[in-house]
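J.: There's a structure below that I have some questions on.
The values are calculated or read from the model by the stated rules, or taken from the named source; none is laboratory data. In this text, all values refer to a predicted model and were calculated from it rather than measured experimentally. Using ideal geometry, Cβ is built from the backbone for each residue, glycine included, and neighbour counts are taken over all protein chains shown.
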Amino acid sequence: MIPKQTVNMTDVARRSGVSIASVSRALRGESGVSAATRDRILSAARELAYVVSPEASRLSGGPTGRVGVIVPRVDAWFYSTILAGIADEFDTVGMDLILCTLPTSAARHRFFEALPLRRKVDAAVVVSLPLSARERTRLDQLAVPTVFVGGHRTEDHRPWVGIDDERAAQQAVGHLLRIGHHDIAMIQAADDTDIPWATDQARIRGFHQTMQEAGLADPTVVTVKWSVDGGSHGMETLLSRSRPPTAVFCHSDEIALGALRTLRRSGISVPQQVSVIGVDDHPAAELSDLTTVAQPVREQGRIAARVVLGGLGDGDASGPPASVTTLPTRLVVRGSTAPPR
């Protein structure tokens, strides 16, 4: 047997006694090849362990069986859970997932200038990544159907899947107001980028809007890096005030977990002295008895994958139809919130 890595279409043609063009048509399922010849070609390909090159298929105009998934990072629950949802759907149809992580500005620059996915994928999924005008232009130059998950909704009406982050903040702050809190602070997350993150902007808008509607002007906001440690530092800042707040709305559960850690170490009881609420319903939220606004993260990945696969399955070169899928969030009340004393 010819070694697998050296087998090409010429070897299959030689083994089956036909032209390379006939092999190409047979392997792509095109017409112009008799049933007997097709069977002979497929049998030869199996005997030689021939595997169609996705790159060669892409160059010839055929599908690669690959979808690129672009994420800022994978070492965070939100992104890894989105990826798990995408993989759930891809596994059922044998679609390969090509993962591209862009954790730094330098990595983003290299990726969008080099376009490493070009001619290697049939479609792309962009997960909660803010894009500059230049990056959007370069993404267009991939010339493949693209679906966005979370973050900014695209102005060109490409498919988008996510939640209403402003509404999630309103649900969280509304809960604190309903149980009697008025001195409510927010620990807001920021990322190391000069491009605003839609999630951050929407959640802080929801916080301020809800506070203003309740007649509470100029609430305290502390901005920290998105991490458990960031939440811990944010709570330390709030506790340094002459009068700490009675309740804290945290941008995410990871921020809230850090805030709870600082409160515990400071000997401040939760929720008796300070109530804390987050957003996401991170797996650690239930373990920490954290009140939160839950979002269906894995389902967002699944739906994005279905939109991609649906568009590819239709054989439409323009990709999946433009759509906006906004999934609901829900308040999950646990033991970290209670009326103020």
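J.: Just one of (1) under 12 Å from residue 249 (Cβ atoms); (2) surrounded by fewer than 17 Cβ atoms within 10 Å (Cβ to Cβ) trips up residue 218, so point out which.
T.: For residue 218, the exception is condition (1).
J.: I'd like to check which strands (runs of 3 or more DSSP E) are fully inside the stretch 240-311 and have at least 2 residues that are within 30 Å of residue 69 (Cα to Cα) and in contact with a helix residue (DSSP H, G or I) (Cβ under 7 Å, 6 or more places away or on another chain). Don't jump to the end; show me each part of the working.
T.: Working: elements: 247-250, 275-280, 291-294.
Result: 275-280, 291-294.
J.: Testing residue 1 on (1) under 43 Å from the mean Cα position of the chain (by Cα); (2) over 20 Å from residue 65 (Cα atoms); (3) at pLDDT below 70, one condition comes back false. Which one is that?
T.: It is condition (1) that residue 1 fails.
J.: Does residue 214 meet the test of being touching a helix residue (DSSP H, G or I) at 6+ places or on another chain (Cβ under 8 Å), in contact (Cβ under 8 Å) with a residue 24 or more places away in the chain, assigned by TED's automatic domain parsing to the domain that holds residue 250 and under 21 Å from residue 244 (Cβ atoms)? So that I can check it myself, show each step before the final result.
T.: Working: touching a helix residue (DSSP H, G or I) at 6+ places or on another chain (Cβ under 8 Å): yes; in contact (Cβ under 8 Å) with a residue 24 or more places away in the chain: yes; assigned by TED's automatic domain parsing to the domain that holds residue 250: yes; under 21 Å from residue 244 (Cβ atoms): yes.
In short, yes.
J.: What residue, among those in the stretch 224-239 that are polar (S, T, N, Q) and at pLDDT 95 or above, is nearest to residue 263 (Cα to Cα)? Give the derivation first.
T.: First pass over the stretch 224-239, keeping only residues polar (S, T, N, Q): 227, 232, 237.
Within this subset, residues satisfying the condition of being at pLDDT 95 or above are 232, 237.
Values: 232: 8, 237: 11 Å.
Only one residue fits best here, namely 232.
J.: Where the second residue is among the basic types (Lys, Arg) and at pLDDT below 95 and the first is under 23 Å from residue 214 (Cα atoms) and surrounded by fewer than 20 Cβ atoms within 10 Å (Cβ to Cβ) and lies in the stretch 170-197, which pairs have Cβ atoms under 9 Å and are six or more apart or on separate chains?
T.: Once the first residue is under 23 Å from residue 214 (Cα atoms) and surrounded by fewer than 20 Cβ atoms within 10 Å (Cβ to Cβ) and sits in the stretch 170-197, its partners that are among the basic types (Lys, Arg) and at pLDDT below 95 give 183/243.
J.: While we're here: Given the residues 23, 33, 67, 12, which is the only one that is over 25 Å from residue 115 (Cα atoms), at pLDDT 80 or above and surrounded by 15 or more Cβ atoms within 10 Å (Cβ to Cβ)? Don't jump to the end; show me each part of the working.
T.: Details: 23 fails: at pLDDT 80 or above; 33 fails: at pLDDT 80 or above; 67 fails: over 25 Å from residue 115 (Cα atoms).
After ruling out the rest, the residue left standing is 12.
Matching residues to (1) in the same structural domain as residue 150 (by TED's automatic domain parsing); (2) over 23 Å from residue 74 (Cα atoms):
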site	(1), (2)
230	no, no
265	no, yes
276	no, yes
281	no, no
289	no, yes
302	yes, no
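J.: A further question follows. Please verify whether the stretch 251-261 includes one or more residues that are of a type in the set (Gly, Ala, Ser), modelled with pLDDT under 95 and within 25 Å of residue 129 (Cα to Cα). Give the steps one after another, and end with the answer.
T.: Start the filter on the stretch 251-261 by keeping residues that are of a type in the set (Gly, Ala, Ser), which leaves 252, 256, 258-259.
After this cut, where a residue has to be modelled with pLDDT under 95 as well, the list is none.
No, there is no match, as no residue in the stretch 251-261 is of a type in the set (Gly, Ala, Ser), modelled with pLDDT under 95 and within 25 Å of residue 129 (Cα to Cα).
J.: Then there's this: Among (1) over 21 Å from the mean Cα position of the chain (by Cα); (2) in contact (Cβ under 8 Å) with a residue 40 or more places away in the chain; (3) in a helix (DSSP H, G or I), where does residue 205 come up short?
T.: (2)
J.: Could you list, in sequence order, all residues of the stretch 85-100 that are more than 24 Å from residue 115 (Cα to Cα) and either outside the structural domain of residue 151 (by TED's automatic domain parsing) or at pLDDT 95 or above (or both)? Quick ask: steps written out before the conclusion?
T.: As a first pass, look at the stretch 85-100 and keep what is more than 24 Å from residue 115 (Cα to Cα): 85, 88-89, 91-94.
Selection gives 85 alone.
J.: Then there's this: Evaluate the stretch 154-171: report whether one residue or more is basic (Lys, Arg) and over 23 Å from residue 253 (Cβ atoms).
T.: Pass one, the stretch 154-171, residues basic (Lys, Arg): 158, 167.
Of the ones still in play, those that are also over 23 Å from residue 253 (Cβ atoms) are 158.
Checked against the condition, which is being basic (Lys, Arg) and over 23 Å from residue 253 (Cβ atoms), the stretch 154-171 yields at least one hit.
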